[in-house]
Number of protein chains: 2
Amino acid sequence: MSQAGTSGGGFQLTEALRDSPFMRACRREQVPYTPVWLMRQAGRYMKEYRDVRARYSFLEMCKQPEVASEVTVYAAHRLGVDAAIIFADILLIIEPMGLDLEFAKGEGPVIHNPVRTAADVDRVREVEDVSALDYVYEAVRITRRELRHDIPLIGFCGAPFTLASYICEGGGSKNYLHTKRLMYTDPGAWHALMSKIARALSQYLNAQVEAGAQAVQIFDSWVGALSPDDYREYVLPHTREVIEGVTPGVPVIHFGTNTATLLELMKEAGGDVIGLDWRVRLDEAWARLGDVAVQGNFDSVALFTTPEVVRRRAKDVLDRAANRPGHIFNLGHGILPETPVENVVALVEAVHELSAR
Amino acid sequence: MSQAGTSGGGFQLTEALRDSPFMRACRREQVPYTPVWLMRQAGRYMKEYRDVRARYSFLEMCKQPEVASEVTVYAAHRLGVDAAIIFADILLIIEPMGLDLEFAKGEGPVIHNPVRTAADVDRVREVEDVSALDYVYEAVRITRRELRHDIPLIGFCGAPFTLASYICEGGGSKNYLHTKRLMYTDPGAWHALMSKIARALSQYLNAQVEAGAQAVQIFDSWVGALSPDDYREYVLPHTREVIEGVTPGVPVIHFGTNTATLLELMKEAGGDVIGLDWRVRLDEAWARLGDVAVQGNFDSVALFTTPEVVRRRAKDVLDRAANRPGHIFNLGHGILPETPVENVVALVEAVHELSAR
């Protein structure tokens, strides 16, 4: 079987990748130990990342494939995790949609032309093809070459709601006022916006798969701001469209935070693996979800303690998973910038040791 | 029966207050219509409030009983709600504990000497008596006199966890890093801090009751940052202590946000009424809770729409409550500063009309 991503013919897997603990867990097969990777594992908490970051702006890092690949590969090898995730940002896709994106210093993302009305929605461009993001696929290709041959590489995108929330708010938000106002007062415009986003996303994910990603994750990081009824009406059909458009055979991880009341609906929208934050008990959430794999659910903030506390709390998560096939260990959300690296390393080691079958 | 609060002898109720829809709902008795009040109903969204606020700093407003009373009474009468809540701030109690509190312009609360270590906890003062907050009790007395005689007045405090989070972080927070670090790495110091807070709170609530409040609400606004197991271990005993210390017969409303996985534990900690944010379906959450009253669960952000949308969404909440005795209509969290007043008025009217038995 050819190296994944070199054929240009969709999704192919080497044996080493297909049999890796991460890919086996996505398929809910038996594993020798619980695979673990960590959201934002290539990030500011790591000195080597900060050294690279000092030389480039955040967007430059995303857009220079060698740089994006370097931090991706370094973090995965340094931590000894069971999967890498391509270094990129969920907002890159909104640039070809005509949104004016900037990462302002210390402020996070700013979108200078936010979408607030039906007329604004009309002005959002349909992404006819996703070649504007060629730099991401090139980073995937380089990373797949440089990464240990048995470590799967995860591609990703933001989910339609989370992207729409940035597009409507013009950046991050606490209350999602503009987003919900559009949603509640002009459902037609809302659905039109979500459709434009969704159509771009499947293409974008599949281009990452074709370039060499073995799995994809859909980040609906802020969807927990919604009630279940709003999720069902305003979000679910669009997320489903994205997931149904992913190349068959590629595992999809469907992730959100603050989703305790949305989990069944997220499963209904789709995904082979459902992300769990730290607010749910893993066993209870998994019982509600049924026949699907799960990823999570260690509290990122518990990494600000000691290796002993980290180990004890990792054991709590593993005990609730009880070696049931289909658990990928991860944080409930991303690694925070000031996290001590030694505790992250201790976490990965603890998961591998404590979960060895 | 004497006017509540004038006797100095604890909790007494006039007939008009005892039979008010709000008090009946707290006791899960039949009501002529669903009572409604709104968290932060006396707030910045209201022009009359801003006019008063322009003349005083926020802390000055809290500490001048006539001013605090004026905004409390005005908002309740203007909106036609079924209960008033005394204008004050959950952080006032931390001043007599030796914390240096400031409301910095545009930044929210700042505590200049945050608590991060066991030695810091030792320096936190036990509040021997709560007379430092006499200005609150005086505001309650004035308000009870000025308020319509059949409108109950709610006293309140922050819950131990939410107060501890401000004390540890030195202000508001996104990730509760310092709070959780203390909790996870030095449980002894954590419990000592929570105990000091809890001991102050029951006294504080009872002094408000004695001054004329008919019910009390405990705001655990940020407790949703915790997992159920952490809540049980680090929070529940302390909240229970506060609630058990409240004068018998006084209804206690136990409120939090983001608590979908904590509701049963919050009920275990205590309260006659459990607050529900907008992320849970009211009927499902109530079924889980069982024999207790509930308060909520309208999404505050839906007030940024039109009176028609507000009315339709109010009906959704009321339909799920299905006239079961023991529902107090409220928002899932407080009214946001830019909320259009006409939509707030429309909400109160809609609740009264649509719920008339």
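Does any residue of region A:1-15 turn out to be among the acidic types (D, E), under 17 Å from A:E138 (Cβ atoms) and modelled with pLDDT of 95 or more?
no
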Enumerate the pairs (first residue in region B:263-276 and basic (K, R); second residue anywhere and at pLDDT 95 or above) with beta-carbon separation below 6 Å, excluding pairs fewer than 6 apart on the same chain, so at least 6 apart or on different chains. B:K267/B:I274; B:K267/B:L289; B:K267/B:V292
Could you check region A:231-257 and list, in sequence order, the residues that are hydroxyl-bearing (S, T, Y) and within 14 Å of chain B (Cβ to nearest Cβ)? A:Y231, A:Y234, A:T257
Could you tell me whether B:S195 is hydroxyl-bearing (S, T, Y), farther than 30 Å from A:P307 by Cα, in contact (Cβ under 8 Å) with a residue 24 or more places away in the chain and away from every other protein chain (no Cβ under 12 Å)? no
Show me the helices (runs of 4 or more DSSP H) found entirely inside region B:221-337 where at least 3 residues are in contact with a Lys or Arg (Cβ under 7 Å, 6 or more places away or on another chain). B:263-269, B:282-289
Residues being of a type in the set (S, T, N, Q) and within 11 Å of chain B (Cβ to nearest Cβ) - total across region A:319-338: 0
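Return yes or no: is B:A119 out of contact with any Lys or Arg (no Cβ under 6 Å at 6 or more places or on another chain), at pLDDT 95 or above, among the hydrophobic types (A, V, I, L, M, F, W, C) and surrounded by fewer than 15 Cβ atoms within 10 Å (Cβ to Cβ)?
When the stated conditions are applied, B:A119 passes them.
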For B:D291, work out the one condition from (1) more than 9 Å from chain A (Cβ to nearest Cβ); (2) within 23 Å of the chain's Cα centre (by Cα); (3) more than 15 Å from B:H254 (Cβ to Cβ) it doesn't fulfil. (3)
Considering only residues that are farther than 14 Å from A:N330 by Cα and either in contact with a strand residue (DSSP E or B) (Cβ under 9 Å, 6 or more places away or on another chain) or among the small types (G, A, S) (or both), which ones fall in region A:261-279? A:L262, A:L263, A:M266, A:K267, A:A269, A:G270, A:G271, A:D272
Scanning region B:259-288 for residues that are closer than 20 Å to B:G249 by Cβ and among the charged types (D, E, K, R), the one farthest from the other protein chains (Cβ to nearest Cβ) turns out to be B:D272
Criterion first (within 14 Å of chain A (Cβ to nearest Cβ) and on the phi < 0 side of the Ramachandran plot) does B:P228 satisfy it? yes
Run B:F255 past the list (1) closer than 19 Å to B:M39 by Cβ; (2) more than 15 Å from the chain's Cα centre (by Cα) and report the number of the one that doesn't hold. (2)
Hey, could you check region B:296-318 for residues that are surrounded by fewer than 24 Cβ atoms within 10 Å (Cβ to Cβ), farther than 15 Å from A:H178 by Cβ and in contact (Cβ under 8 Å) with a residue 24 or more places away in the chain and say which is farthest from the other protein chains (Cβ to nearest Cβ)? B:L318
Only one residue in A:R50, A:R55 is over 24 Å from A:L331 (Cβ atoms) and without any contact (Cβ under 8 Å) to a residue 40 or more places away in the chain, so which one is that? A:R55
Give the number of residues within region B:176-192 that are over 16 Å from A:P307 (Cα atoms) and hydrophobic (A, V, I, L, M, F, W, C). 4
Among helices (runs of 4 or more DSSP H) entirely inside region B:69-182, those with 1 or more residues being within 14 Å of chain A (Cβ to nearest Cβ) and touching a Ser or Thr at 6+ places or on another chain (Cβ under 7 Å) are B:160-169
Taking only pairs six or more apart or across chains, which ones have beta-carbon atoms under 6 Å, a first residue in region A:130-142 that is closer than 11 Å to A:A207 by Cα, and a second residue that is in a helix (DSSP H, G or I) and of a type in the set (S, T, N, Q)? A:V130/A:Q203; A:V140/A:Q208
Those residues of region A:207-238 which are surrounded by 24 or more Cβ atoms within 10 Å (Cβ to Cβ) and of a type in the set (D, E, K, R), in sequence order: A:D220
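The rows are residues; the columns are (1) hydrophobic (A, V, I, L, M, F, W, C); (2) farther than 30 Å from A:S20 by Cβ; (3) surrounded by fewer than 18 Cβ atoms within 10 Å (Cβ to Cβ); (4) modelled with pLDDT under 95.
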position	(1), (2), (3), (4)
A:E66	no, no, yes, no
A:T72	no, no, no, no
A:G80	no, no, yes, no
A:F87	yes, no, no, no
A:L92	yes, no, no, no
A:E95	no, yes, yes, no
A:G98	no, yes, yes, no
A:P109	no, yes, no, no
A:H112	no, yes, yes, no
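The values are calculated or read from the model by the stated rules, or taken from the named source; none is laboratory data. These numbers were taken from a predicted model, which means no experiment stands behind them. When we count neighbours, we look across all protein chains shown, and the Cβ atoms used for this are built from the backbone with ideal geometry, even at glycine.
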